[in-house]
Amino acid sequence: MHGRLRIVALALSLAALAGHAPAQAQGDPKSCPTMKEVTIRTSREGKAVKEGGILYARGDQVVQLHAVIKGTLSGRKVSYGAPPDAMGISAPSAWPAECPVTLRWAKVEALPVAYNNAYSAPPAEIEITETEWTEGWTVTADVHPTRMHDEYPQVATGYGTMRFKVTATTAAGQVSSPGQECRRSGALCPAVFTLSYRPDDTYLGYLHELMNVPYIYGSKRIQGGHQSDLLVGSDCADFAVYGKRRQSSRKKFDYTYTGGLYKLASKRTKVHLDDEAYYVDARNRRLTFGADGAVRPGDLLNLPDGHVGVLVRDNGNGFLDTSDFLMHTLFREPETVPIKDARWGNIDGKEVLRLKR
């Protein structure tokens, strides 16, 4: 009798140990693919998008990101991804169900720091971090920042620039697309996937592409191009020029400092503030502000002592004053704020510039 009880007790002990044993990954690793790399492919409005470079899109164009795993199985090369109807592109095979894999996405972002390019020194080193975002073979992209302030939380896609990384994990190991470790000229290398959303194809619309990128005093050319064109960062003058370079010919609009902007203008109006916080011209006439006004959205407000911003919209009274809204970058990423809140010590006014078409 005691022998039978000992056998039963031993069986129960073994069962208990089995219940607390580490969980084993499903599938035989020998029969599962060996991962070599994972890459990001894209589709926009259900159609394949050409790979390479920055992907630009309007907010009304849905961009999806697709993970593609490349590796080997039984000595032959294989490629796996989401089903074709999910990708909108020629898709590889579906990953074997008996070999569990997890796809985790991260946003790769610059920290909200003001950077300074010394005149003779190498480009400033941009501080980069990765923030876990979502999971899945296919995800719908948004550019809402997690570290910088979000100017457009109400917009599904957000506006501005974001970089992404995907990591594939199985019981046998882990592979990732390029992320914060991939550096060049103080910034992320071009291999890190970059997406930029804008609201429309106007000058002001293109300026939105620089949202979520840091302020760099003295932004300049680095390996691969200018920091602003590469969506690495900009200062106030280069921010104002960027939109025109995207809207028209880059050859027509060279990057410059605030004092050189008048060379890019078709109209130049000297202004100053009156006692009631309205901007007036040289004859002390208040300037109308609107689509048909003396000053229009998209004009530049060149402020004394070296700062410039882009006029966005009137506060409702029809005249240019310090409560009207300005889009600019100054010691932080771009933002849209009332002129009086632009964090610039002298907003008296110097001139309003209308850039050439």
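Read-outs throughout are calculated quantities, based only on the coordinates presented, and are distinct from any laboratory measurement. On a predicted model such as this, the values are computed, not experimentally measured, just so you know. No Cβ is skipped: glycine too gets one built from the backbone with ideal geometry, and neighbour counts run over all protein chains shown.
Hey, what number do you get for the chain at 222 nm if only DSSP H runs of n ≥ 4 count, each worth -39500 (n - 2.57), divided across all residues, to the nearest 500?
When only DSSP H runs of four or more count, the value is -3000 deg cm²/dmol.
Of 283, 250, 104, which is the most mobile in a GNM of the chain whose springs link Cα atoms less than 10 angstrom apart?
The residue with the greatest mean-square fluctuation here is 283.
For the chain, take the longest principal axis of its alpha carbons; what is the angle in degrees between that and the long axis of helix 236-247, to the nearest 10 within 0 to 90?
The angle comes out near 80 degrees.
If you split all Cα-Cα distances of the chain into 20 Å bins from zero, what percentages do you get per bin, shortest first?
26, 44, 20, 8, 2, 0
Starting from the stretch 108-174, pick out the GluC sites (Glu not before Pro) whose DSSP state is loop and whose Cβ has at most 15 other Cβ atoms within 10 Å.
Within the stretch 108-174, the qualifying GluC sites (Glu not before Pro) (loop, at most 15 other Cβ atoms within 10 Å) are 125, 127.
List the Cys residues of the chain that have no partner Cys with a C-beta closer than 4.7 Å.
Within the chain, the cysteines lacking a partner Cβ under 4.7 Å are 236.
From Cα coordinates alone, what are the radius of gyration and Dmax values for the stretch 111-263 in angstrom?
Both quantities, over Cα of the stretch 111-263: 16.6, 61 Å.
Under a cut-off of 20 Å between alpha-carbon atoms, report the lysines in cross-link reach of residue 220, not counting same-chain residues fewer than 8 places apart.
The reachable lysines, counting only those whose Cα sits under 20 Å from residue 220, are 244, 251, 252, 263.
Can you list the residues, at least 5 places off or on another chain, whose amide H is less than 5 Å from the amide H of residue 32, using H built in the peptide plane?
Here nothing satisfies the definition.
Could you calculate the FRET efficiency of residue 120 with residue 270 from 1/(1 + (r/R0)^6), where r is the beta carbon distance between them and R0 is 45 Å, rounded to 0.05?
0.80
Could you list 182, 32 so that the one with the fewest beta carbons within 10 Å of its beta carbon is first and the one with the most is last?
Taking fewest neighbouring Cβ atoms as first place, the list is 182, 32.
Would you mind checking which residues have amide H under 5 Å from residue 267's amide H? H placed 1.01 Å from N; only 5 or more apart, or other chain.
Result for residue 267 returns 354.
Could you work out the local net charge near residue 314, counting Lys and Arg as +1, Asp and Glu as -1, over the other residues with Cβ closer than 11 Å to its Cβ?
0
State the extension gain, in nm to one decimal, for the chain segment bounded by residue 181 and residue 156, taking 0.36 nm per residue of separation less the distance between their alpha-carbons.
6.1 nm
Between the helical axis of 2-19 and the dominant principal axis of the chain, each derived from Cα atoms, what acute angle in degrees is found, rounded to the nearest 10?
Helix 2-19 sits roughly 20 degrees off the main axis of the chain.
Name the residue farthest towards the positive end of the dipole of the chain from the options 282, 152, 204, assuming +1 on Cβ of Lys and Arg, -1 on Cβ of Asp and Glu, about the Cα centre.
Of the candidates, 204 comes out farthest on the positive side.
Shape of the stretch 256-355 from its Cα gyration tensor (a ≥ b ≥ c, root eigenvalues): rounded if a/c is under 1.5, otherwise prolate when a/b > b/c, or oblate?
rounded
Within 14 Å, Cβ to Cβ, of residue 105, how many net charges do the neighbouring residues add up to if Lys/Arg are +1 and Asp/Glu are -1?
For residues surrounding residue 105, the net value is 0.
Gain in length, residue 94 to residue 332, computed as 0.36 nm per residue apart minus the alpha-carbon separation, to one decimal in nm?
That works out to 81.3 nm of additional length.
Just to be sure I understand: of the beta bridges DSSP finds with both ends in the chain, what percent are antiparallel, rounded to 5?
Antiparallel bridges make up about 90 percent of those DSSP assigns within the chain.
Can you work out the FRET efficiency for the pair residue 223 and residue 317, with r the C-beta to C-beta distance and R0 = 45 Å, to the nearest 0.05?
Efficiency at R0 = 45 Å is approximately 0.40.
Using a cut-off of 15 Å between alpha-carbon atoms, which aspartates and glutamates can reach residue 270, once sequence neighbours fewer than 8 places away in the same chain are excluded?
Partners within reach: 281, 299, 305, 321, 348, 351.
Along the Cα-to-Cβ line of residue 263, 7 Å from the Cα, sits a label point; which residues in the stretch 320-357 have backbone N less than 15 Å from it?
356
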